[in-house]
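The values are calculated or read from the model by the stated rules, or taken from the named source; none is laboratory data. Not measured: the values here are computed from a predicted model. Glycine gets a Cβ as well: all are built from the backbone with ideal geometry, and neighbour counts include every protein chain shown. The area values use the complete protein model at the heavy-atom level, side chains included, leaving out ligands, DNA and RNA. Shrake-Rupley method; radii C 1.70, N 1.55, O 1.52, S 1.80 Å.
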Amino acid sequence: MPTGETTSMEVRGLAELIRSSGFTVALTGAGISTPSGIPDFRSPGTGLWEKVDPMEVAHIEVFNRDPERFWSYYRPRFGMLDEKVPNRAHEVLAELEARDMLEAVITQNIDRLHRKAGSRRVVEVHGTIETSSCVQCSASYPLERVDSLFDHRGVARCEHCSGPVKPDVVLFGEFLPERAMEEAQALARRAELMLCIGSSLEVHPVAALPATTLGSGGRLAIVTKGATPYDGDATVRLGGDVVEELEALLAVL
Ligand code: ZN
């Protein structure tokens, strides 16, 4: 059967929304990276996160008090994330940006996969594993350098001042980066369409961004499995696999 006949009404509706929008912004969460083999740590029983509660280990207080414990949890996670590659859903968003159909991607993910897929304007509101910084002198280290910084206790130490080095991701107990959040809020205000992908839209303050778009007269489209608090507000709601839904979308655009 030709694509035209198998494409759902919702996918066609989303394509129409994107075509008619003068300013579209994507907001992505863990669900866009699970097809790349990155578990959503909030889903129970997912491999690396099975044995520990990340909220208790990936916490700024643990980093400050017991960096050895923090890094024993975080170091393998670093290595695992570094090897992951973008999936088709990331690539579709990069393609939409290249076609001038998407202005920016706001993401809760720290995995760099949007950038690896070729997206140019990416606002990482939870930070990124791309760099780590010394908490004492602010020296910055790219991801590939971090592994060489560990001391015999398994703590990453600054080459200049021996201070503890922390990944530039937002840990539990930390505020979100101010500049990234301001940019995200400005994008949400300006958006005629916010395309929410793979996020439960429950983690604040990011969860308030769709309300900002709605409040300034924009529309919402949601592509994610599972319910979100905004389902009733969405003009289009797609609940299937994110890769399949976005591939179908690209095929009709
Ligand atoms: Zn330092």
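For this structure, a couple of remarks:
- Elements of type helices (runs of 4 or more DSSP H) contained in the range 62-169, each with 2 or more residues being within 19 Å of the chain's Cα centre (by Cα) and either aromatic (Phe, Trp, Tyr) or in the same structural domain as residue 180 (by TED's automatic domain parsing) (or both): 67-82, 88-98, 113-117
- Qualifying residues in the range 159-186 (those that are open to solvent by less than 10 Å² (accessible area, probe 1.4 Å) and out of contact with any Lys or Arg (no Cβ under 8 Å at 6 or more places or on another chain)) - the one nearest to residue 96 (Cα to Cα): 184
- Looking only at the range 99-131, and only at residues there that are touching a residue at least 12 places away in the same chain (Cβ under 8 Å) and among the acidic types (Asp, Glu), the one that is nearest to residue 253 (Cα to Cα): 103
- Any chance residue 146 is in contact with a Pro (Cβ under 8 Å, 6 or more places away or on another chain), open to solvent by less than 70 Å² (accessible area, probe 1.4 Å), closer than 23 Å to residue 36 by Cβ and within 15 Å of the ligand (Cβ to nearest atom): yes
- Inter-residue pairs, beta-carbon under 6 Å, first of a type in the set (Val, Ile, Thr) and in the range 132-159, second away from the ligand (no atom under 13 Å from the Cβ) and open to solvent by 50 Å² or more (accessible area, probe 1.4 Å), 6+ apart: 155/68
- When every residue of the range 187-208 is checked against the conditions, at least one turns out to be closer than 18 Å to residue 230 by Cα, at pLDDT 95 or above, within 16 Å of the chain's Cα centre (by Cα) and surrounded by fewer than 23 Cβ atoms within 10 Å (Cβ to Cβ).
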